[in-house]
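Colleague: Mind having a look at this structure? Questions to follow.
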Amino acid sequence: MSAFNFRWHLRWLVPLLILDILLFMFWREKYWKAEQLKKAAAPAVCAAPATLRFGFPTERELDRYALSSFQPTLSGRPESALFGSVRLGCVGRRLMPSFHEGVDIAPLKRDAAGRPQDDVYAAADGMVVYLNRFEGNSNYGKYVVLAHGNGKLYTLYAHLDKIDPHISRGVKAQEGELLGKMGSTSSIHMPPSQGHLHFEVCVMLNSNFDNWMKRRRTKNEHGAFNGWNLIGVDPLSVYEKQEEDFDCYDLESHLRGMRPAFEIILKTGRQIDFFRRYPGLWHGAPCAGGAMVLACSENGLPLQGRAALQNEISAMGRKKYFIRGVDAAVLGRNGCRLIVRENGKWRLGNEGEKWLAMLTY
């Protein structure tokens with residue numbers, strides 16, 4: 001009797017199992033297709049921590065072709081408000097190109113004395129990691145720094161007239177949240193009529209920067225968020241890249257796609273701090289001593305790095321570094337003067353020596 005019942009149950013059980021499997025496959029296919037259609041119709045969502053969504057830091061929409069959105073220097077040249085070697089500065093007794101690390105955004109509203117009245121907002125979700133409430137100890141004046149994407153990317157808001165009272169270190173700020181009011185504060189005199197927001201999108205060159213400054217016995221009131229240690233990316237290119245990438249911004253993807261201004265091969269016994277924090281910019285085998293090859297922007301931002309080949313190391317001889325692959329079109333007016341040409345050859349200038357010391361400390 002028990003054997004008979006077993007065979008009877010088995011006769012019905014097998015078809016039911018087959019039917020369940022077919023129904024599962026049918027519903028799974030239907031659900032998968034619905035999800036794909038939903039994703040195609042939905043706007044892009046920046047879910048990964050490496051990606052961000054940027055808004056504008058003031059009520060102005062930023063477009064490099066709408067020059068009225070930017071505040072030029074007293075020269076009146078509109079391009080002087082943009083990013084890059086767009087200015088002139090005194091080097092000794094000579095006027096030479098000078099590099100501007102951000103963009104200067106003009107106010108929409110001024111009072112009767114010409115002072116800006118615009119509010120300043122967080123450009124992306126992040127955390128307040130530094131603020132300076134004393135205008136006299138930096139040419140940034142009163143400024144705020146936010147960290148984004150797990151501390152891989154920073155935005156800086158300078159020359160503020162006021163910093164909102166709720167802003168303090170460790171406070172989370174959402175895109176569009178009030179940070180303060182536009183102004184003209186700076187250790188260098190700036191007339192109110194020239195007031196604007198200096199806005200930077202930047203990366204940190206070395207998290208050990210403060211120790212490097214202490215070793216040099218150099219006064220540093222801003223820790224790792226000193227302007228020397230924050231290397232800018234053109235903010236307008238960030239918005240343009242975001243549009244290309246369906247309303248999301250990925251820092252490392254952006255940097256990898258930039259044309260380098262020069263390459264430097266340098267001898268080092270260890271991996272540098274920068275690539276420990278930005279491993280996506282390092283290619284190939286880890287650096288285990290010897291030398292590395294860096295592809296850099298005009299202002300010294302490492303765009304890519306790799307271990308040097310043995311023939312590259314041998315060709316250096318006793319040199320500590322070697323400059324090659326200089327792209328004159330990208331280097332442009334060379335306002336940072338990290339590299340300089342002498343007797344037909346490229347070498348690090350005084351600013352370049354300082355940059356390399358900070359980078360490799």
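Colleague: Taking the condition surrounded by fewer than 22 Cβ atoms within 10 Å (Cβ to Cβ), aliphatic (A, V, I, L, M) and over 18 Å from residue 129 (Cβ atoms), does residue 167 pass?
Modeller: no
Colleague: Related question: Given (1) among the small types (Gly, Ala, Ser); (2) outside any loop (DSSP other than H, G, I, E, B); (3) in contact with a helix residue (DSSP H, G or I) (Cβ under 8 Å, 6 or more places away or on another chain), identify the lone condition not met by residue 180.
Modeller: The one condition residue 180 does not meet is (3).
Colleague: Scanning the stretch 120-161 for residues that are of a type outside the set (A, V, I, L, M, F, W, C) and surrounded by fewer than 17 Cβ atoms within 10 Å (Cβ to Cβ), which turns out farthest from residue 52 (Cα to Cα)?
Modeller: For the stretch 120-161, the residue satisfying everything is 136.
Colleague: Does residue 322 satisfy the criteria of being under 28 Å from residue 103 (Cα atoms) and among the aromatic types (Phe, Trp, Tyr)?
Modeller: no
Colleague: Further question on the same structure: Condition first: polar (S, T, N, Q) and either surrounded by fewer than 21 Cβ atoms within 10 Å (Cβ to Cβ) or more than 19 Å from residue 159 (Cα to Cα) (or both). Now tell me which residues in the stretch 227-260 satisfy that.
Modeller: 237, 242, 253
Colleague: Shifting gears a bit: Where residues in the stretch 74-88 are within 17 Å of residue 186 (Cβ to Cβ) and touching a residue at least 40 places away in the same chain (Cβ under 8 Å), which of them is surrounded by the fewest Cβ atoms within 10 Å (Cβ to Cβ)?
Modeller: If we take residues in the stretch 74-88 being within 17 Å of residue 186 (Cβ to Cβ) and touching a residue at least 40 places away in the same chain (Cβ under 8 Å), then 74 is surrounded by the fewest Cβ atoms within 10 Å (Cβ to Cβ).
Colleague: Please find, among 357, 307, 329, the residue that is under 17 Å from residue 205 (Cβ atoms) and among the hydrophobic types (A, V, I, L, M, F, W, C).
Modeller: Selected residue: 357, the only one of 357, 307, 329 that is under 17 Å from residue 205 (Cβ atoms) and among the hydrophobic types (A, V, I, L, M, F, W, C).
Colleague: Then there is this: Select, from 300, 305, 290, 280, the only residue that is farther than 27 Å from residue 154 by Cα and surrounded by 14 or more Cβ atoms within 10 Å (Cβ to Cβ).
Modeller: Selected residue: 290, the only one of 300, 305, 290, 280 that is farther than 27 Å from residue 154 by Cα and surrounded by 14 or more Cβ atoms within 10 Å (Cβ to Cβ).
Colleague: Filter the stretch 165-214 down to residues that are under 21 Å from residue 359 (Cβ atoms) and free of Cβ contacts under 8 Å to residues at least 60 places away in the same chain, then give me how many there are.
Modeller: Result for the stretch 165-214: 3.
Colleague: Select from the stretch 308-338 the residues that are touching a strand residue (DSSP E or B) at 6+ places or on another chain (Cβ under 6 Å), buried (at least 19 other Cβ atoms within 10 Å of the Cβ) and not in a strand (DSSP E or B) and list them in ascending order.
Modeller: 308, 335, 336
Colleague: With respect to residue 292, is the statement that it is closer than 17 Å to residue 354 by Cβ, among the aliphatic types (A, V, I, L, M), at pLDDT 95 or above and touching a strand residue (DSSP E or B) at 6+ places or on another chain (Cβ under 8 Å) true?
Modeller: So residue 292 does not fit the description; no.
The values are calculated or read from the model by the stated rules, or taken from the named source; none is laboratory data. In this text, all values refer to a predicted model and were calculated from it rather than measured experimentally. No Cβ is skipped: glycine too gets one built from the backbone with ideal geometry, and neighbour counts run over all protein chains shown.
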